[in-house]
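Just below is one structure, and these are the notes that go with it.
The values are calculated or read from the model by the stated rules, or taken from the named source; none is laboratory data. These numbers come from a predicted model, not from an experiment. Counting neighbours? That spans all protein chains shown, and the Cβs are built from the backbone with ideal geometry, glycine included.
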Amino acid sequence: MQDAFPVLPFRSEVYGPDELFDGFDLDDPTSYGRTPDFRAYRSTRLAPSREVGMLRALHDQSITDARDSLLLGRRVVAVMGGHALGRDAPAYAEVAALARDLTREGVLVVSGGGPGAMEATHLGALLAGHPAGALADAIAHLTTVAAFPGTTSRLVAPGGAVDDVTLAALHAWQRPAFELLAALPADQRGESLAVPTWFYGHEPPTPFASHIAKYFSNSLREDGLLAIAEDGVVYAEGRAGTVQEVFQDAAQNVYRVVRDRFSPMVFLDTGGAWSERLLVEPLLRELFGDDAFEAHVRITPDPVEILAFLRPG
């Protein structure tokens, strides 16, 4: 049963990076495979059973309860964006700087917790209490391994067999992040919340997040991530998954079934990502109407404009 369900079904708090990554060793390329995070992902690749399904449901409900307790009284802004965004991409640095500035204004930033724009979000929050140059230095260190490995879908085969070559490539990508974290005392780390899922367990959560609400169910996690972002959602450049989140968020705003007010939608338009390549404005205007669109939606490459738009007014 330990292989089939390696985590406790009941929790009073969300995870922290030290717990999920317990056993990770900078010098051992196989060490991620012994962490609770990896073992939980591997369990999802085994044959399912009713008992395990029930335990996962209990686990996810306790994560939701713990997440909601953490968020009480907090301003929450989510950042969405592509997992494939390289650490050396201009948009990565822009997302990190925006998340840093939001954190400095007392906002708790949240994301899906994976690589790319999500990692950038938590890096910015992590370094919110440090001088501006610290973020540039951190990104320079991370770009020693800039691209997330493209083969991680092969990490664990159905039935649980682990691909050690892929595991080593993943460790090489993770290592610079863990080196940064190890050099930063706990009392100098900014706070943020990651909301990842073991459904995409081949994309490990970032250790930069101080709190990690990790789910087995992707649908619960994804809908809940948008629902908790009452103070706004920022969309960095992305592909199919990010576009899906745009229209899932739009539906929540149109029908007000999750919250009783419009959550602002902001598109960080780096390189024309949303105004030229993915044209979201015409459809969102049609859904919301001109007045609501002008009041609650911004498409801009300017982080200063985004910060001003998201401030309580």
*Looking only at residues in the stretch 255-313 that are among the acidic types (Asp, Glu), over 24 Å from the mean Cα position of the chain (by Cα) and in a helix (DSSP H, G or I), which one is surrounded by the most Cβ atoms within 10 Å (Cβ to Cβ)?*
281
_If residue 131 meets every condition in (1) free of Cβ contacts under 8 Å to residues at least 40 places away in the same chain; (2) within 15 Å of the chain's Cα centre (by Cα) apart from one, which number is that one?_
(2)
*Output the number of the condition that residue 231 fails; it satisfies all remaining conditions of (1) at pLDDT 90 or above; (2) outside any loop (DSSP other than H, G, I, E, B); (3) under 21 Å from residue 120 (Cα atoms).*
(2)
*Working only within the stretch 53-82, note down all residues that are touching a Lys or Arg at 6+ places or on another chain (Cβ under 9 Å) and within 30 Å of residue 271 (Cβ to Cβ).*
82
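Kindly indicate whether residue 151 is of a type outside the set (Phe, Trp, Tyr), surrounded by fewer than 23 Cβ atoms within 10 Å (Cβ to Cβ), in contact with a helix residue (DSSP H, G or I) (Cβ under 6 Å, 6 or more places away or on another chain) and at pLDDT below 95. Steps first, please.
Details: of a type outside the set (Phe, Trp, Tyr): yes; surrounded by fewer than 23 Cβ atoms within 10 Å (Cβ to Cβ): yes; in contact with a helix residue (DSSP H, G or I) (Cβ under 6 Å, 6 or more places away or on another chain): yes; at pLDDT below 95: yes.
So residue 151 fits the description; yes.
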*Are any residues in the stretch 137-153 free of Cβ contacts under 8 Å to residues at least 24 places away in the same chain and more than 13 Å from residue 203 (Cα to Cα), and if so, which ones?*
137, 140
*Given the conditions (1) closer than 25 Å to residue 14 by Cβ; (2) assigned to a helix (DSSP H, G or I), and given that residue 140 satisfies all but one, which numbered condition is not satisfied?*
(1)
*Count, please, the residues in the stretch 212-227 that happen to be under 14 Å from the mean Cα position of the chain (by Cα) and either surrounded by fewer than 22 Cβ atoms within 10 Å (Cβ to Cβ) or within 18 Å of residue 267 (Cα to Cα) (or both).*
6
